[in-house]
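First comes the structure, then the notes that go with it.
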Amino acid sequence: MKDELSTLFKALGHPIRREILDLLKKAARTTGELNEHFPEVTRYAIMKHLTILEEGNLVVVKREGKFRRNYLNAVPLQEMHNRWVGKYMESNANSLLKLRSLAENKGGESMEQSNVFRIEQEVMINAPREQVFKALTSQAGDWWEFKLAPEGVDSQFTFDPVPGGQFIEKWRRDEGALWGTVYYVNAPEEIRLHGHLGMQGAVNSAYTYRLIEKGEATLLQLSHAASGVLEDDWEEKHSEGWAYLLGTLLKNYVERK
């Protein structure tokens, strides 16, 4: 943990790297697009900054033909948050942040509505791939904390990891919510689902789990893409939600078994 934190703090230690993360929070960008944003910095320097961010696991790179597209990985930031901000401190901190935001938003402008987002995240879990796959699917109800059931109503989750299978939350007799429908599975390496994940309206959304063996550990990769009529804050909320679900809840559930 000490070495991981040192690498993370090093990655956050330069203003250009922090600005790169600010840009990637809004949308994934190619290396060329990032280079254009810093005309006073050489391409070599930008590549070096991206390498340090990758080493800190703050950036996930996907190659698309001859281009490198860079995505923000929020999981390490969530882990750092969990270490120093307890659940009782969090509500107070959020209240102060909202107060500061209101004070600074003098013009009251709102952000433009987005019509597409893509989230890429990675988390290393100290457990065999088969165990992580089982936890992601048939054991999801043991750790998945987000619910769509009415407040105060208990619900149960089931996840059938076969093509056409459903990840579903049920409450009462004939009421429930569909979190995802499986359309591809190659256990224990990959599983893909369609699912709105709490988003409402004219939205297309799909997410994929990929599991890569790393010795006795497993690298879990998440890809989540959504398009349609999207609210301004959905990408940020889902990025934070995934980081908490996978980087905290799932990781703790699997590693403590």
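Here are a few things to note about the model shown:
- Residue check, Lys214 open to solvent by 60 Å² or more (accessible area, probe 1.4 Å) and free of Cβ contacts under 8 Å to residues at least 24 places away in the same chain: no
- Subset of segment 194-211 that is in contact with a Ser or Thr (Cβ under 6 Å, 6 or more places away or on another chain) and open to solvent by 60 Å² or more (accessible area, probe 1.4 Å) - its residue that is modelled with the lowest pLDDT: Asn204
- Answer residue from segment 217-248, given it is open to solvent by 30 Å² or more (accessible area, probe 1.4 Å) and either closer than 16 Å to Val132 by Cβ or among the hydroxyl-bearing types (Ser, Thr, Tyr) (or both) and is modelled with the highest pLDDT among those: Tyr244
- Considered as a group, the residues in segment 192-213 that are over 16 Å from the mean Cα position of the chain (by Cα) and of a type in the set (A, V, I, L, M, F, W, C) include one that is nearest to Glu130 (Cα to Cα), and that residue is Ile212.
- Hey, Lys134 more than 19 Å from Gly241 (Cα to Cα) and surrounded by 13 or more Cβ atoms within 10 Å (Cβ to Cβ) or not: yes
The values are calculated or read from the model by the stated rules, or taken from the named source; none is laboratory data. Given the structure is predicted, the values throughout are model-derived calculations rather than measurements. Reconstructed Cβ throughout: ideal geometry from the backbone, glycine too, with neighbour counts over all protein chains shown. All accessible areas refer to the heavy atoms of the entire protein, side chains included, with ligands and DNA or RNA removed. Shrake-Rupley method; radii C 1.70, N 1.55, O 1.52, S 1.80 Å.
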